[in-house]
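Single-structure report; data block below.
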Amino acid sequence: MSVHQIRKHAVLPPIICRSDKEFLESMQRYIITETERLGCNEERPADEYYIIYRNVFDKVIEHASAYKSILTSIKKEYDAFIETIKRSRRTAVCLHGKLKGLAAEPTALVYHRKRTIQLEANHQRLQIISQALTSWIKSDMSIPFQDFVEQIQKTKCLQVALPIFTGDQGIVEELVEDDPHRAKEAEMTLHYIERFNELIALGEYEKAASYAANSPRRILRNIGTVNTFKAVGKIRGKLLPLLLFFEALFITSHAFRRPVDAALTLEGIKCGLSEKRLDLVINWVTQERLTFSEEAGDVICDYGEQDTYNKAKCLALAQIIYSECGLHKKALLCLCKQGQTHRVMEYIQQFVKDFTSDDLLQLLMSCPQVELIQCLIKELNEKQPSLSFGLAILHLFSVDMKKIGIKLLQEINKGGKDAVESLMINDSFCSIEMWQEVASICLQNGFDKLSNDIMSILRSQAAVTEISEEDDAVNLMEHVFW
């Protein structure tokens, strides 16, 4: 029979025994469980990923005793090959670091040349000032030294010194700067940056994060460092390097006189939320020295809309940020969405000058709550209500929020005529025409008694001011104040 004829026939798969089947299934479960536990789900395999399969290979060798010798030989070859790859990788990292060092040499050379020019200019300035001082001492010293130098400049006796003596700062202070000290400081700064780049190249991201966060004069506490860590990306089974940087940055914020700036604060909050680490963001916002912005509050609010389980926490955090930024309308909305009516009223009383009737009506559209409206239209601590009852009703029915308007009318109707009269007396915003319109709305929606009470109160005022169409712009309680 030819090979072609053999291929025509279907080949049955090998029949394995039950114990082999159970063993294979257990190995598969082990692989899945361990990879999920270690987070080995990215494109590039980690060392832990290799260890999982090496363990499986060992178990297979033990199970397949008949093939143990050959499988052991194969495994040894694979282990040797993988070890060679690891050594090559370590060598590549070291070479990469050296290459970066060589690439940085031209930059260092530029710095040295620049420093040489500066030192030559410091030396020239000192020579000039020395000559001026010698001349001044030989003179009668009847004028101050600074005036003497100015005279030299005017007479152009020291023409080389002319560019030096211009400016508002003192001449002696400018000429006798501690340039050697600055040179040493610049050298240390350059070394610090090079060390940071070396840690990044070696994959020592945790050390690099701490190193950057504690950098002198905040030279690495900037967006450039953020971009460096962003370029690293994610490492399978490891904490995001960028998140490591922000953790170190915010923890060390107390050690610096200035808080973390707004741009870094915003980036840090975005990073924490992208990694679903709301716990870290809560700690940063409430404990550390940060610079808040409207964008930071908005980012947290948006996250809360996506993560409904933590929405209340996000609203509380955003409210803190908005309050710190003086964004009182957004802070008030956060309180309303949390259902904290009592704190809403306290906040309005605290920043009463920052809220207009239009602001409060807009608040009702964003957060239509009957309990909130009732608090807004009532007196608080013998002060006028924050919002007009009449305006609230007219607004709710005009913006297609009839259901809320009806609920409010139901609650007001329970209080009887005295409660309605109290609301109307304390309402200094609604004209007679507006109250007539409110009464008409009540009548149209089945609140006949409430409508009659409003009209009755209006007529009772006619003893002082007769109600007519010509007086529609007259305020109902105008006579009270006269």
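The values are calculated or read from the model by the stated rules, or taken from the named source; none is laboratory data. All of these numbers come straight from a predicted model, not from anything done at the bench. Cβ atoms come from the backbone with ideal geometry, glycine included; neighbour counts cover every protein chain shown. Surface areas here come from the heavy atoms of the whole protein model, side chains and all, with no ligands, DNA or RNA. Shrake-Rupley method; radii C 1.70, N 1.55, O 1.52, S 1.80 Å.
Within the set of pairs 6 or more residues apart or between chains, which connect a residue that is of a type in the set (Phe, Trp, Tyr) inside the range 65-93 to a residue that is open to solvent by 70 Å² or more (accessible area, probe 1.4 Å) with Cβ atoms less than 9 Å apart?
Short answer, once both residue conditions are applied: Tyr78/Arg54.
Kindly indicate whether any position in the range 335-345 is touching a Cys at 6+ places or on another chain (Cβ under 9 Å) and basic (Lys, Arg).
Within the range 335-345, one or more residues are touching a Cys at 6+ places or on another chain (Cβ under 9 Å) and basic (Lys, Arg).
Taking interchain pairs and intrachain pairs at least six residues apart, which have beta carbon atoms under 6 angstrom, with the first residue in the range 411-439 and part of a loop (DSSP other than H, G, I, E, B) and the second crowded, with 16+ Cβ neighbours inside 10 Å and among the aliphatic types (A, V, I, L, M)?
Phe429/Leu391
Among the numbered criteria (1) open to solvent by 10 Å² or more (accessible area, probe 1.4 Å); (2) over 19 Å from Pro368 (Cα atoms); (3) out of contact with any Gly (no Cβ under 8 Å at 6 or more places or on another chain), which one does Ile406 miss?
Failing condition for Ile406: (2).
Would you check if there is a residue in the range 280-288 being of a type in the set (Ser, Thr, Tyr) and surrounded by fewer than 18 Cβ atoms within 10 Å (Cβ to Cβ)?
yes
Take the range 287-319 and flag every residue that is over 13 Å from the mean Cα position of the chain (by Cα) and among the β-branched types (Val, Ile, Thr).
Thr308
Out of the residues in the range 387-402 that are surrounded by 20 or more Cβ atoms within 10 Å (Cβ to Cβ) and in a loop (DSSP other than H, G, I, E, B), state the one that is nearest to the chain's Cα centre (by Cα).
Leu387
Considering only residues of the range 1-36 that are of a type in the set (Lys, Arg) and modelled with pLDDT of 75 or more, which is farthest from Ser65 (Cα to Cα)?
The residue in question is Arg29.
Just one of the numbered conditions (1) modelled with pLDDT under 90; (2) crowded, with 17+ Cβ neighbours inside 10 Å; (3) among the polar types (S, T, N, Q) is not true of Asn222; which one?
Among (1) modelled with pLDDT under 90; (2) crowded, with 17+ Cβ neighbours inside 10 Å; (3) among the polar types (S, T, N, Q), the lone unmet condition for Asn222 is (2).
Consider Thr265 carefully, then state whether it is closer than 30 Å to Thr308 by Cβ and either in a helix (DSSP H, G or I) or at pLDDT 90 or above (or both).
Against the criterion (closer than 30 Å to Thr308 by Cβ and either in a helix (DSSP H, G or I) or at pLDDT 90 or above (or both)), Thr265 qualifies.
Can Asp79 be described as under 22 Å from Phe23 (Cα atoms), among the charged types (D, E, K, R) and modelled with pLDDT of 70 or more?
no
Among the numbered conditions (1) open to solvent by 30 Å² or more (accessible area, probe 1.4 Å); (2) hydroxyl-bearing (Ser, Thr, Tyr); (3) closer than 30 Å to Leu376 by Cα, tell me where Thr341 comes up short.
Thr341 satisfies all of (1) open to solvent by 30 Å² or more (accessible area, probe 1.4 Å); (2) hydroxyl-bearing (Ser, Thr, Tyr); (3) closer than 30 Å to Leu376 by Cα except (1).
From (1) closer than 30 Å to His191 by Cβ; (2) touching an Asp or Glu at 6+ places or on another chain (Cβ under 9 Å); (3) outside any helix (DSSP H, G or I), pick out the condition that doesn't hold for Arg257.
Single failed check for Arg257: (2).
Just for the range 277-306: of the residues that are in a loop (DSSP other than H, G, I, E, B) and out of contact with any Asp or Glu (no Cβ under 8 Å at 6 or more places or on another chain), which one is farthest from Val352 (Cα to Cα)?
Arg277
Would you point out the residue of the range 194-219, among those that are open to solvent by 50 Å² or more (accessible area, probe 1.4 Å) and closer than 22 Å to Arg257 by Cβ, that is modelled with the lowest pLDDT?
Arg217
Phe351 - would you say it is modelled with pLDDT of 80 or more and buried (at least 20 other Cβ atoms within 10 Å of the Cβ)?
no
When you look at Phe250, is it at pLDDT 90 or above, in contact with a strand residue (DSSP E or B) (Cβ under 9 Å, 6 or more places away or on another chain) and assigned to a helix (DSSP H, G or I), yes or no?
yes
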